[in-house]
Amino acid sequence: MEQRQKTPAKTPRLKPASRLAVRFTPANLAPTTLARRLAWRAGDALVFWRACLIAELEDRRGFVWLPVAFGTGILIYFALPREPLLAALGLVVFAAAVWARRAWAGGGSYRLAVVLCLIAAGAASAKMRVDRLIGPELDRPVTARLTGRVIAIDRRAERPPRLILDAIDWPGREADVTPRRIRISLRGQTVLPEIGSRVSLRGRLGPVPGPAMPGAYDPRRAAFFDGIAASGFAFGKWTPVEATGTAGFSPRIAIARLRRAISERIRQADDGQAGAVAAALIVGDRSRLSRQTVDHLRTAGLAHILAISGLHMALVAGTAFALLRALLALSPALALRRPIKKWAALAALAVGLVYLALSGGNVSTIRAYVMAAVMFSAILIDRPAISLRNLAIAAFIVLAFQPESVGEPGFQMSFAAVAALIAGWEVWRDRERPRLAEPSSSIIVRGAWLIARGFAGIALTTLIASLATAPFAAFHFQKLATYSLAGNLAAMPLVSLVIMPAGLFALVAMPFGLETLILPPMFAGIDFLLTISAGIAGLDGALVATRKMPAASLILVSAGFLWLTLWRPRLRLYGLMPIAAGLLLVPLTARAPDILMTAEGRAVGVRDAGGTLRIAGSRAGSFIIGQWLESEGPRAPDPAAIRDGVACDRLGCILKTKGGLMVAHIRNPAAFIEDCRRADIVLTPLRAPDDCAASLVIDARATARRGAHAVYLAHDVNLESPDKTPTETARIVTAWPNIRRPWQGRPSAP
């Protein structure tokens, strides 16, 4: 029997007080009268807020805020200046839990204690996760021959393949100081080892590089949470090594081999970009995707199709659920006497779990499966399947196992999109629906109406999801797809009705060798999808570069977004105020740095008199240059003009800042004698002399301790003034603090 859903508590309405219904006369606009009226209005607003909050909490709406408190604790942990004690965090959790229990038993207010308990629990879970991952790491580059087991192969079209090795045997290095897992590139090699095999190679290894600039993507942080403690490249070719002893069964390696085998079967059926997209959709293998394909899909607002997430999980598990339920319903005896809906839900759970394993298990896929699992579990216990409570449970599970994901774009964008869609669905569900006329009995009219509703649903879904994820895309990527609505309207019916169902059926048929009968329709659909994306990407203004949003703006926008989506009716509209404040803060605080320097000191960027970033060192098209140009947003120069105005010789380069200061990028020790005397700022990957006379010196000692540097000069200081110079009042921001956290590694020797 279906359980009746509880009627939501009514939200009180704010009625204007009679004492406020007065005319605006000069007497009423006097300071004392105006202050009294504002005080009355504030009192009415507080009464309204209190009544709304009580109504929401009585309706158990506060549950959806619990993972927000848990995630806030995780963010607080990562923002701390140094590592806390796990025992201290555990003590806070215990004390807050006891406080909440006693308050609840005594009939008092326990909600504040619960929130504090969850904040401390979030910080404690992040601390435990980090402590589990701390292990041996390299603090300087070394060259060595070593042996390891291949547990994964990272292949991308634009770079050499990279092996992930564990069970490292490093001659001359004790086991307790040997990295547990390393990543090494194979240059110029087309033959790759099998996953699970042991290989021997000679390579150059060192610490995983840090961010290209303060606040940018941090490869070292990502590698730490992947368990990788060193990276580098191999000299020559790898050689196979026979495993000694009996190696136990590893589910991870078995699944990796299966994923690679499926990808190879797809490649044999189509070796072009259609097959590459199919492999990305089915098993998460993006190794054969070309840069052009990825750029076209991103520009058309269809990049989410490549990231296996809620869309794919819903289509795969939902197709399995609907298909099995329809097949079981063909039997009247089963349909009338057995819970076939629950049987189909169990089967969908199993299909979703298999798809999760084959897809690689990234954050968005785990979130999608947890959401699907909660939804189908709700069907098993006769509860509503789609709700913010299910999303809250999924957030709890993901954050408990991967607390570091709270600061990653995949987690933020996927949960923001789903939360906005569920909130929008709640508004649509509770709307007033007056029926002005009886529905038409014509099959053609009803069919056209259903098609129109389908496209309207896609348009509304795309609009809501795009608005929800736009602030996070601007913060992390500084790019917005302006034609994403048109791209999704044209492509999503194709993905939902042809591509993903065909991929599921091909996966089922693959063990029987029948996938070649099912994959051609999928390839045809993907070819049409790529045609759509290429056409939209060719439109003027399809991809707009934005300024990097400051962290303070993102915090305000996120807080307002949560308030807007997690509360109900009129109370949620107050979330628009912090969103507006965060957006207004962007042009006020988003100042670009005047000087940039990488952690290795090999590349330097200086903003010239026209406000354009000019770069010395590093090669055009490198990862570092790409990161810097992306952070510039609409100010980014043409890649061919990044060295305009830069004077270089074999000893180094000279650049001019916006305020007319001379910056010397020294690459040879012979240049110190002259440049330390005439340059205002000296930047070098070498160790500068202690008596260097430049006003500001950033050398190998500084970058070894603090990583990449960004310098903000004071342009309002008179360059000719003997009292203050721009370099004396400059603000320097570094990638790492003076006291490093575990994921930031140890300072290397200069």
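Summary of values
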{"read-out": "Check on residue 607, out of contact with any helix residue (DSSP H, G or I) (no Cβ under 8 Å at 6 or more places or on another chain), surrounded by 15 or more Cβ atoms within 10 Å (Cβ to Cβ) and in contact (Cβ under 8 Å) with a residue 12 or more places away in the chain", "value": "yes"}
{"read-out": "Pair list, Cβ < 6 Å and 6+ apart or interchain, from the stretch 663-675 residues that are farther than 21 Å from residue 608 by Cβ to residues that are in a strand (DSSP E or B)", "value": "671/652"}
{"read-out": "Residue match in the stretch 543-551 (condition: closer than 24 Å to residue 216 by Cα, in contact (Cβ under 8 Å) with a residue 24 or more places away in the chain, of a type in the set (D, E, K, R) and in contact with a Pro (Cβ under 8 Å, 6 or more places away or on another chain))", "value": "yes"}
{"read-out": "Selection within the stretch 380-430 - in contact with a helix residue (DSSP H, G or I) (Cβ under 6 Å, 6 or more places away or on another chain) and hydroxyl-bearing (Ser, Thr, Tyr)", "value": "405, 414"}
{"read-out": "Any hit, the stretch 65-85, residues being part of a loop (DSSP other than H, G, I, E, B), among the hydroxyl-bearing types (Ser, Thr, Tyr), in contact with a helix residue (DSSP H, G or I) (Cβ under 9 Å, 6 or more places away or on another chain) and surrounded by fewer than 19 Cβ atoms within 10 Å (Cβ to Cβ)", "value": "no"}
{"read-out": "Set 608, 690: member being over 31 Å from the mean Cα position of the chain (by Cα), more than 24 Å from residue 714 (Cα to Cα) and of a type outside the set (A, V, I, L, M, F, W, C)", "value": "690"}
{"read-out": "Matching residues, the stretch 198-230, being surrounded by fewer than 16 Cβ atoms within 10 Å (Cβ to Cβ), over 23 Å from the mean Cα position of the chain (by Cα) and free of Cβ contacts under 8 Å to residues at least 60 places away in the same chain", "value": "200, 202"}
{"read-out": "Candidate set from the stretch 246-270 (those that are part of a loop (DSSP other than H, G, I, E, B) and at pLDDT below 85); member that is farthest from residue 513 (Cα to Cα)", "value": "246"}
{"read-out": "Odd one out for residue 493, checked against (1) surrounded by fewer than 19 Cβ atoms within 10 Å (Cβ to Cβ); (2) more than 19 Å from residue 421 (Cα to Cα); (3) of a type outside the set (A, V, I, L, M)", "value": "(2)"}
{"read-out": "One residue from 147, 72 being in the same structural domain as residue 163 (by TED's automatic domain parsing) and among the polar types (S, T, N, Q)", "value": "147"}
{"read-out": "Yes/no for residue 519 being in contact with a His (Cβ under 8 Å, 6 or more places away or on another chain) and either assigned to a helix (DSSP H, G or I) or surrounded by fewer than 15 Cβ atoms within 10 Å (Cβ to Cβ) (or both)", "value": "no"}
{"read-out": "Residues (closer than 20 Å to residue 226 by Cβ and either at pLDDT below 70 or in a loop (DSSP other than H, G, I, E, B) (or both)) located in the stretch 723-750", "value": "735, 736, 740, 741, 745, 746"}
{"read-out": "Hits in the stretch 271-318 (condition: in a loop (DSSP other than H, G, I, E, B), free of Cβ contacts under 8 Å to residues at least 40 places away in the same chain and more than 21 Å from the chain's Cα centre (by Cα))", "value": "271, 272"}
{"read-out": "Residue 184, sole failed condition from (1) within 30 Å of residue 263 (Cβ to Cβ); (2) modelled with pLDDT under 85", "value": "(2)"}
{"read-out": "Residue list for the stretch 161-197, filter: hydrophobic (A, V, I, L, M, F, W, C) and surrounded by fewer than 20 Cβ atoms within 10 Å (Cβ to Cβ)", "value": "167, 168, 170, 175, 177, 191, 192"}
{"read-out": "Positions within the stretch 377-418 being assigned to a helix (DSSP H, G or I), surrounded by fewer than 23 Cβ atoms within 10 Å (Cβ to Cβ) and hydroxyl-bearing (Ser, Thr, Tyr), in sequence order", "value": "377"}
{"read-out": "Hits in the stretch 651-701 (condition: surrounded by fewer than 21 Cβ atoms within 10 Å (Cβ to Cβ), of a type in the set (Gly, Ala, Ser) and on the phi < 0 side of the Ramachandran plot)", "value": "659, 670, 693, 695, 700"}
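The values are calculated or read from the model by the stated rules, or taken from the named source; none is laboratory data. Please read all numbers here as calculations on a predicted model, not as lab measurements. Please note: Cβ atoms are built from the backbone with ideal geometry, for glycine as well, and neighbour counts cover all protein chains shown.
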